[in-house]
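The values are calculated or read from the model by the stated rules, or taken from the named source; none is laboratory data. Bear in mind that the values here come from a model prediction, so they are computed numbers and not experimental data. FYI the Cβ positions are ideal-geometry reconstructions off the backbone, even for glycines, and counts take in every protein chain you see. Surface accessibility is based on the protein's heavy atoms, side chains included, excluding ligands, DNA and RNA. Shrake-Rupley method; radii C 1.70, N 1.55, O 1.52, S 1.80 Å.
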Amino acid sequence: MIDLPDTASPLYEKVKDYILANIGTGRWGKDRKLPSENELVVSLGVSRMTVHRALRELTAAGFLIRLQGVGTFIAPPRPQSTLIEINNIAAEIVERGNRHRSEVLVLETITPTKELALTFEFSKRVQIYHSVVVNFENDLPVQLEERFVNPSLIPDYDKQDFSKTATYDYLMQKTPVTEVEHIISAVPADAETARHLNIDVGSCCLFLHRRTWTGAIVATISKLTYAGSRYSLGSRYSPSRTS
């Protein structure tokens with residue numbers, strides 16, 4: 001049996017601390033499935049109600065994802081700050097006085113990997129839409145756009161001509177966005193990315209991972225890669241007085 005810290009905190013808080021400690025030390029990595037409630041009850045020597053409350057509160061705080069009939073998983077990392085808004089790259093390019101065009105590389109229906117289904121918070125693996133598009137500014141490729149789309153919210157995505165209509169425009173027409181998650185990192189261009197963006201392998205790129213929600217349902221997952229030498233990301237906003 002695992003000994004919980006000998007403190008005056010309620011038992012459910014001790015269980016939360018135990019789980020967070022395992023996440024923080026890396027012992028339980030990203031997307032890892034947690035022990036079941038019954039296993040935690042036995043190993044920690046606490047009641048099922050205590051474990052249930054700890055898991056419920058950690059899920060509400062964004063540390064865990066609970067899928068009915070599947071289990072509880074470590075949630076992907078959350079962004080540390082909000083810096084980027086959802087923007088339409090086609091409109092941005094036109095607003096700068098330049099010409100936009102797009103080239104559709106992939107438009108299909110797929111069965112997601114286990115990791116992708118988890119990111120969508122699906123209780124089971126169902127088919128989704130998948131697209132890959134290169135966006136050009138004055139015939140120079142500036143963004144490689146890969147999107148995974150929930151067909152329950154956005155039907156007929158795979159039947160559109162995204163060389164004529166921007167994916168952004170179609171998505172915004174079909175479902176309201178009520179929540180957005182952005183994670184930004186710098187990555188070296190692999191061979192495929194370098195070929196599509198016409199840059200050298202290993203060149204620095206900006207990588208934006210985006211999830212959008214309509215209510216409680218994940219609508220889209222987007223992986224947007226920008227040629228670092230040709231593009232920058234930023235925003236202007238008024239910070240909250242309470243932050």
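Some points to look at:
- Count - residues of segment 108-131 that are assigned to a strand (DSSP E or B), under 22 Å from Pro176 (Cα atoms) and among the hydrophobic types (A, V, I, L, M, F, W, C): 1
- Scanning segment 33-69 for residues being touching a strand residue (DSSP E or B) at 6+ places or on another chain (Cβ under 9 Å) and over 18 Å from Ser123 (Cβ atoms) gives a total of 3.
Rundown of residues vs (1) touching a Leu at 6+ places or on another chain (Cβ under 8 Å); (2) modelled with pLDDT under 90; (3) closer than 30 Å to His52 by Cβ, yes/no style:
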{"residue": "Phe73", "(1), (2), (3)": "yes, yes, yes"}
{"residue": "Arg78", "(1), (2), (3)": "no, yes, yes"}
{"residue": "Ile84", "(1), (2), (3)": "yes, yes, no"}
{"residue": "Asn88", "(1), (2), (3)": "no, yes, no"}
{"residue": "Leu105", "(1), (2), (3)": "no, no, no"}
{"residue": "Lys114", "(1), (2), (3)": "no, yes, yes"}
{"residue": "Glu121", "(1), (2), (3)": "yes, yes, yes"}
{"residue": "Pro141", "(1), (2), (3)": "yes, no, no"}
{"residue": "Lys164", "(1), (2), (3)": "no, no, no"}
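- Flag if Gln160 is polar (S, T, N, Q), over 17 Å from Asn87 (Cα atoms), assigned by the TED database to the domain that holds His209 and modelled with pLDDT of 90 or more: yes
- Scan of segment 165-202 for residues that are charged (D, E, K, R) and open to solvent by 20 Å² or more (accessible area, probe 1.4 Å), ordered by number: Asp169, Lys174, Glu179, Asp190, Glu192, Arg195, Asp200
- Candidate set from segment 207-236 (those that are in contact with a strand residue (DSSP E or B) (Cβ under 8 Å, 6 or more places away or on another chain), over 21 Å from Ala189 (Cβ atoms) and not hydrophobic (A, V, I, L, M, F, W, C)); member that is modelled with the highest pLDDT: Thr220
- Qualifying residue in segment 110-122 (condition: more than 26 Å from Ser152 (Cβ to Cβ) and open to solvent by 50 Å² or more (accessible area, probe 1.4 Å)): no
- Contacts under 9 angstrom Cβ, first residue in segment 16-28 being of a type outside the set (Lys, Arg), partner open to solvent by less than 40 Å² (accessible area, probe 1.4 Å) and assigned to a loop (DSSP other than H, G, I, E, B), 6 or more apart: Asp17/Leu4; Tyr18/Leu4; Ile19/Trp28; Ile19/Leu34; Asn22/Trp28; Asn22/Leu34; Ile23/Gly29; Trp28/Leu34
- Subset of segment 144-164 [within 24 Å of Asn198 (Cβ to Cβ), in a loop (DSSP other than H, G, I, E, B) and open to solvent by less than 60 Å² (accessible area, probe 1.4 Å)]: Phe162
- When Glu39 is tested against (1) modelled with pLDDT under 90; (2) open to solvent by 30 Å² or more (accessible area, probe 1.4 Å); (3) not small (Gly, Ala, Ser), only condition (1) is not met.
- Some residue of segment 83-95 being open to solvent by 70 Å² or more (accessible area, probe 1.4 Å), within 26 Å of Gly228 (Cα to Cα) and touching a residue at least 40 places away in the same chain (Cβ under 8 Å): yes
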